[in-house]
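Below is one structure; the comments refer to it alone.
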Amino acid sequence: MTEDNDKRHFHRCFYKKSATLSLGDQQWDCELVDISIHGCLLRFNETWASQDLDSIYTLNLELSEEKSITMSLSISHAIDNEIGCKCEHIDLDSISELRRLVELNLGNSDFLERDLQALSH
């Protein structure tokens, strides 16, 4: 897909890693497929069956023993065992870790700066 046809305003970082999605006292193990400062794509072992698409979920992604990313997410779409999520809130420590992850993946901090500016609009 050419850049002109791609309607995404944010660069995605493909980063396959185990994560945990939670809502209240419910938790689901999942795999992070990709992540950006705008949201993420998650994959589950089974079809996503939760009907609670209007709630705010919490994603916890452990990067290392000392570093993690925690995001509050809403579900944008659910197809079979994958859900696309929109970031509703992220704390300062998590955005710093996510920024570093995306920056390393993109190899160019200019792209990240453009993403951060788009997020503020």
> Out of (1) at pLDDT 90 or above; (2) of a type outside the set (Phe, Trp, Tyr); (3) assigned to a strand (DSSP E or B), what's the single condition that is false for GLU66?
Replying inline: (3)
>> So, GLU88, is that one modelled with pLDDT of 95 or more, loosely packed, with under 14 Cβ neighbours inside 10 Å and acidic (Asp, Glu) or not?
In response: yes
> Going by the conditions given, is LEU73 at pLDDT 95 or above and touching a Gly at 6+ places or on another chain (Cβ under 8 Å)?
Replying inline: yes
> Of all residues in the range 70-94, which are farther than 12 Å from ILE35 by Cβ, in contact (Cβ under 8 Å) with a residue 12 or more places away in the chain and not in a strand (DSSP E or B)?
Replying inline: ASP80, ASN81, ASP91
>> Looking at the range 45-61, I want the residues that are within 19 Å of MET71 (Cα to Cα) and have a partner that is outside any strand (DSSP E or B) and of a type in the set (A, V, I, L, M) with Cβ atoms under 9 Å, at least 6 apart or on another chain. Which pairs are those?
In response: LEU61/LEU98
>> Pull out all pairs, ordered by first then second residue, where Cβ-Cβ is under 9 Å, the residues are six or more apart or on different chains, the first lies in the range 11-39 and is over 18 Å from SER94 (Cα atoms) and buried (at least 20 other Cβ atoms within 10 Å of the Cβ), and the second is among the hydroxyl-bearing types (Ser, Thr, Tyr) and at pLDDT 90 or above.
In response: CYS30/SER18; CYS30/THR20
> Which residues, counting only those in the range 36-60, are β-branched (Val, Ile, Thr), closer than 19 Å to GLU97 by Cα and modelled with pLDDT of 90 or more?
Replying inline: THR58
> Which ones in the range 50-63 are among the hydroxyl-bearing types (Ser, Thr, Tyr) and either surrounded by 14 or more Cβ atoms within 10 Å (Cβ to Cβ) or not in a loop (DSSP other than H, G, I, E, B) (or both)?
Replying inline: SER50, TYR57, THR58
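The values are calculated or read from the model by the stated rules, or taken from the named source; none is laboratory data. Not measured: the values here are computed from a predicted model. We place every Cβ from the backbone using ideal geometry, glycine too, and count neighbours over all the protein chains shown.
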